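The values are calculated or read from the model by the stated rules, or taken from the named source; none is laboratory data. Source: prediction; values computed, not measured. So basically every Cβ, Gly included, is an ideal-geometry build from the backbone, and we count neighbours across all protein chains shown.
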Amino acid sequence: MNKATDNELRDLYRELILDHARSPRHFGRLEHATHAASGINPLCGDKLRLYLQVNAEDCIEDTSFEGSGCAISVASASLLTDTIIGQPVDKAEAWFTAITRRLTEVEPADFDDVNLEKLKALDGVREFPSRVKCATLAWHALHSALNHRDEPATTE
Ligand code: ZN
């Protein structure tokens, strides 16, 4: 990939993050949630609560989140809801592992699922360990919710 394309991609990703931070998708409380969990990132002050409505076929029929935090944490939660809606629970759980690995490992593997392409918008945080917590907060909440641990997931 040449330099110009690389920069263009970075700008696109920045736009995507800002767009999701300004107008988060699936924002608000979910009335008929079957699963829920909170996430707290004390370092940055990010707080969110993630809701899931899982049907009898173990598919995530609906999801939403509420809370407040920095642009990265809100954008990441918004991207998460967009990504997991309509997906099987086991896939969402595998994606939790994939995204946390990608953002924390030195030489991350590429995503093996096209559904995750958009999440590369978060790659920029890899250079800033404190921001990784903002970006993974919603995913930790998802992991807790799916494992029926309704106690705050914390990044600490
Ligand atoms: Zn944050």
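Looking at the structure I just gave you, is residue 63 in a strand (DSSP E or B), under 22 Å from residue 46 (Cα atoms) and at pLDDT 95 or above?
yes
Being within 16 Å of the ligand (Cβ to nearest atom), part of a loop (DSSP other than H, G, I, E, B) and under 21 Å from residue 24 (Cβ atoms), is that true of even one residue in region 128-149? No, that holds for no residue.
When residue 86 is tested against (1) more than 16 Å from the ligand (Cβ to nearest atom); (2) at negative phi; (3) of a type outside the set (S, T, N, Q); (4) not in a helix (DSSP H, G or I), just one condition goes unmet, and that condition is (2).
Whether a residue is within 16 Å of the ligand (Cβ to nearest atom), under 22 Å from residue 155 (Cβ atoms), over 17 Å from the mean Cα position of the chain (by Cα) and aliphatic (A, V, I, L, M) was assessed, and residue 48 does not pass this test.
Note on region 1-60: residues that are surrounded by 11 or more Cβ atoms within 10 Å (Cβ to Cβ), more than 19 Å from residue 84 (Cα to Cα) and hydroxyl-bearing (Ser, Thr, Tyr) amount to 1. Scanning region 17-45 for residues that are out of contact with any strand residue (DSSP E or B) (no Cβ under 7 Å at 6 or more places or on another chain), more than 15 Å from the ligand (Cβ to nearest atom) and under 13 Å from residue 138 (Cβ atoms) returns a single hit, 25. Within region 98-124, restricting attention to residues that are buried (at least 20 other Cβ atoms within 10 Å of the Cβ) and touching a residue at least 40 places away in the same chain (Cβ under 8 Å), the residue that is nearest to the ligand (Cβ to nearest atom) is 122. Output the residues belonging to region 125-154 that are within 18 Å of residue 69 (Cβ to Cβ), free of Cβ contacts under 8 Å to residues at least 40 places away in the same chain and surrounded by 15 or more Cβ atoms within 10 Å (Cβ to Cβ). Across region 125-154, the qualifying residue is only 132. State whether the residues of region 68-79 include one that is assigned to a strand (DSSP E or B), of a type outside the set (Lys, Arg), within 16 Å of the ligand (Cβ to nearest atom) and without any contact (Cβ under 8 Å) to a residue 40 or more places away in the chain. Looking through region 68-79, at least one residue is assigned to a strand (DSSP E or B), of a type outside the set (Lys, Arg), within 16 Å of the ligand (Cβ to nearest atom) and without any contact (Cβ under 8 Å) to a residue 40 or more places away in the chain.
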